[in-house]
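The next block holds one structure in the form of structure tokens; read it before the comments.
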Amino acid sequence: MSQGEATQAKTMLLTGASRGIGHATVKLFYRHGWRVLTVSRAAFDADCPWPGGRENHIQADLSDPAGYEALADEVRNRLGGGGLGALVNNAAISPKQPGGARLGVHDTDYATWLTVFNVNLFSAAALSRNLLPELRASKGTIVNVTSIAGSRVHPFAGVAYACSKAAMAALTREQAFDFGPFGVRVNAIAPGEIHTSILSPGTDQIVETQIPMKRLGDPAEVARTILFLCSADASYINGAEIHINGGQHV
């Protein structure tokens, strides 16, 4: 991509970019001519290389609400007065017990609830609020990443994670209602079992017994859905939650 093309490119901000779905989405958007700004708690991850990645990465801890406005200011500074074409709220954490067992209600203290909701939900709401002027300027799009765990008890996803993803689906509806009049569309994707580095032991049994397509999803399949929702082809889709799980939800 030439410097002139980069100047004209739409900009996407993606949280939780260092692996899995975020990694695949970054690479796909870049290949389609987007400028991509990424956010994660860690420094730029050399295991997720893409041209311009290091200089377009912002290190921020989404578990700390005190940093949300500073993060938005940094994004605004990177935009240089331009608009924001897409905001993809992908960052999420799902704490486990020792050995990888799920954290149920009786295992989850308030501090864990608060940290999970800060990262998985409140940061997404705050970023959409703080960056709404930039989204309006570009008639941009928001895509929230929810989960199949937001609509059913999952054997590996803990209670705080599941509740945060259910709340993210509700946030999507509220944003779609509030932001639609400004030309900003808001949708969600709800992945099921996707082949990433954080799969839990026993996922193969879920694939065999619960997924009609009898396979895991590929992060690239999720990324392509996100790209579609941010494209003109999805210009009248607003407030939707798209299941990407091979039929696991049926």
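Values in this text are rule-based calculations from the coordinates and carry no lab data. Everything numeric here is computed off the predicted structure, so don't read it as measured data. Cβ sites come from the backbone with ideal geometry, for glycine too, and all protein chains shown count toward neighbours.
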> Once you have the alpha carbon radius of gyration of region 56-99, what is it after dividing by 2.2 N^0.38 Å, with N set to its residue count?
Replying inline: 1.50
> Toward the positive end of the charge dipole of the chain, about the Cα centre and with charges on Cβ (Lys, Arg +1; Asp, Glu -1), which of 179, 44, 72 goes farthest?
Replying inline: 179
> Can you list residues whose amide H is under 5 Å from residue 37's amide H, if they're 5+ apart or on another chain and H is modeled 1.01 Å from N?
Replying inline: 12, 13, 14
>> Can you tell me how region 50-180 classifies by the Cα gyration tensor, rounded, prolate or oblate, using a/c under 1.5 as the rounded cut?
In response: prolate
>> If the only charges are +1 at each Lys and Arg Cβ and -1 at each Asp and Glu Cβ, what is the size of the charge dipole of the chain around the Cα centre, to the nearest 20 debye?
In response: 420
> Of 89, 191, 240, whose Cα points farthest to the positive end of the dipole of the chain (charges on the beta-carbon: +1 Lys, Arg; -1 Asp, Glu; origin at the Cα centre)?
Replying inline: 240
> From the backbone phi of region 166-171, what are the Karplus-calculated ³J(HN,Hα) couplings (6.51 cos²θ - 1.76 cosθ + 1.60, θ = phi - 60°) in whole Hz, Gly and Pro given as x?
Replying inline: 5, 5, 5, 5, 5, 4
> Residues with amide H under 5 Å of residue 141's amide H, sequence separation 5 or more or different chain, H placed in the peptide plane at 1.01 Å from N; which?
Replying inline: 86, 87
> Of all DSSP beta bridges located in region 95-250, what percent are antiparallel, nearest 5?
Replying inline: 10
> Rounded to the nearest 20 Debye, what is the dipole magnitude of region 22-148 about its Cα centre when Lys and Arg each give +1 and Asp and Glu each give -1 at the C-beta?
Replying inline: 520
> Any idea what diffusion coefficient region 3-244 gets from Stokes-Einstein, in µm²/s, Kirkwood Rh on alpha carbon pairs, 20 °C, 1.002 mPa s?
Replying inline: 118
>> I need the shape label for region 55-128. Rule: rounded when a/c is under 1.5, else prolate if a/b > b/c, else oblate, with a, b, c from the alpha carbon gyration tensor.
In response: prolate
> What is the distance in Å between the Cα centres of region 23-85 and region 216-232?
Replying inline: 18
>> Sequence gap at least 6, Cα distance under 8 Å: using those rules, report the relative contact order of the chain to the nearest whole percent.
In response: 20
> Using modelled amide H (1.01 Å from N, peptide plane; none on Pro or chain starts), what sits under 5 Å from the amide H of residue 242, excluding residues fewer than 5 places away?
Replying inline: 188, 189, 190
> In whole Hz, what ³J(HN,Hα) sequence does region 53-70 give by Karplus (6.51, -1.76, 1.60; θ = phi - 60°), x for Gly and Pro?
Replying inline: x, 5, 6, 9, 9, 10, 8, 8, 9, 6, 7, 10, x, 5, x, 5, 5, 5
> Please state the Cα pair-distance histogram of region 148-187 with 5 angstrom bins from zero: what percent is in each bin?
Replying inline: 6, 26, 22, 14, 13, 11, 6, 3
